[in-house]
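Here the structure is laid out as structure tokens; the discussion comes afterwards.
The values are calculated or read from the model by the stated rules, or taken from the named source; none is laboratory data. This is a predicted model, so every value here is computed, not measured. Note: ideal-geometry Cβ built from the backbone for every residue, glycine included; neighbour counts use all protein chains shown. Just so you know, the surface numbers come from the protein's heavy atoms only, side chains and all, with ligands and any DNA or RNA stripped out. Shrake-Rupley method; radii C 1.70, N 1.55, O 1.52, S 1.80 Å.
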Amino acid sequence: DWTRQIQAEYARTLNEGDIEGWLDVFVRVVPGPYRGAEDVDPDISRRLREMAFNSLSKHTPGEKDWHVRVTDSWSRLPKIDVPVLALNGTLEPPEMLDAAERLADAVPNGRAETLEGAGHYPNMEQPEAFNECLLDFLRGL
């Protein structure tokens, strides 16, 4: 599926030390599986690419992996005791939307919402709609 292909490309480009290639893959997430790059404001991809490059630039090859592996996440979700909003764009891959629903269902006070016509970065594609959805959620607390 699309998500697994993206993940495989992330791994391949990083293993090869191909930062430009990794960034190319990274910005393919912006339009997602249902749109082309021409369908999204190019400034969004440019800004995300710049942010990712700046983050990657802070690391060096061979440095210690400080990543803390998190396991057994799904079984721990019912213990979350604060409200959770999973907010996705409708143009996310199905497995991402399913994961958001699963998260919201597993958390005692969880809610999943989608923004029509947005992809993985709804806050950047539709900031007004994103903010309104978030504010509605917060007002209900």
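Data table
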| item | result |
| --- | --- |
| Residues (exposed (fewer than 13 other Cβ atoms within 10 Å of the Cβ) and not in a helix (DSSP H, G or I)) located in segment 35-58 | G36, D41, S57, K58 |
| Of all residues making up segment 122-140, the number that are under 21 Å from R35 (Cα atoms) and either touching a strand residue (DSSP E or B) at 6+ places or on another chain (Cβ under 6 Å) or open to solvent by 40 Å² or more (accessible area, probe 1.4 Å) (or both) | 7 |
| Residues that are under 20 Å from E95 (Cβ atoms) and modelled with pLDDT under 95, drawn from segment 35-56 | none |
| Candidates E95, E116 - the one that is open to solvent by 30 Å² or more (accessible area, probe 1.4 Å) and at pLDDT 95 or above | E116 |
| Residue in segment 54-68 that is at negative phi, among the aromatic types (F, W, Y) and out of contact with any Lys or Arg (no Cβ under 8 Å at 6 or more places or on another chain) present | yes |
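Here is a yes/no grid of residues against (1) touching a residue at least 24 places away in the same chain (Cβ under 8 Å); (2) polar (S, T, N, Q):
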{"residue": "V40", "(1), (2)": "yes, no"}
{"residue": "S45", "(1), (2)": "no, yes"}
{"residue": "L56", "(1), (2)": "yes, no"}
{"residue": "R69", "(1), (2)": "no, no"}
